[in-house]
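The values are calculated or read from the model by the stated rules, or taken from the named source; none is laboratory data. Small disclaimer: the values here were computed from a predicted structure and weren't measured. Cβ sites come from the backbone with ideal geometry, for glycine too, and all protein chains shown count toward neighbours.
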Amino acid sequence: MPNSAKRGTLRTVSCAAGALLVSLTIGACSGSDDTSDQSKSTPSATRTKDAARPEHIPGESVSEAPKLPEGQPLAEVAAAKGNQNIPLGDIAKGSLSVLVNCQGKGTLKVTVQPMGMHFPLNCVDGEVSSTYNELGLKKARPTGTVAVTAPSSVRWSLTVGQ
């Protein structure tokens, strides 16, 4: 199954459990710039042998930027290591999606400004960890920045889109 189909299926499953996911993940992702913006964090998950690794999606990679389930990319980064600041221009009103894959031992942290969205992703050796976060913007922004903080032991890829 192609990655985009997996993400579409995962999004459908996540939407079906929306109330539960929002109550469970509200602390994992937050937006603080504009209290009218709505954020939700949806760990992208499939059935795995290890219930402690719900964010593992077989077939995902850090060598390529993750594919958006819908919309257009504003920024894409593949095969990155360490810290980076990625500029975003012309952020429209509506959903802003952030998809991240990582591999290697450590915790990767993502912050999206000026919205104040931030979330961690625990990365492990030997397999790719993934997350999908979405922020509903009530107003457009002329610019923005995604800051990724990661130890040098972690390889990662990221896509931000609308």
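Values as computed for the structure displayed
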item	result
Selection count, segment 149-162, where residues are of a type in the set (A, V, I, L, M, F, W, C) and surrounded by fewer than 22 Cβ atoms within 10 Å (Cβ to Cβ)	0
Near pairs, Cβ below 7 angstrom, 6+ apart or cross-chain, from segment 126-148 (surrounded by fewer than 13 Cβ atoms within 10 Å (Cβ to Cβ)) to any residue that is part of a strand (DSSP E or B) and of a type in the set (A, V, I, L, M, F, W, C)	140/91; 143/88
Complete set of residues in segment 104-120 that are touching a residue at least 60 places away in the same chain (Cβ under 8 Å) and touching an Asp or Glu at 6+ places or on another chain (Cβ under 7 Å)	114, 115, 116
Hey, residue 105 of a type outside the set (Gly, Ala, Ser), more than 14 Å from the chain's Cα centre (by Cα) and closer than 20 Å to residue 58 by Cα or not	yes
Qualifying residue in segment 86-104 (condition: within 11 Å of residue 148 (Cβ to Cβ), exposed (fewer than 15 other Cβ atoms within 10 Å of the Cβ) and at pLDDT 95 or above)	no
Looking only at segment 114-125, and only at residues there that are closer than 22 Å to residue 70 by Cα and touching a Gly at 6+ places or on another chain (Cβ under 8 Å), the one that is surrounded by the fewest Cβ atoms within 10 Å (Cβ to Cβ)	115
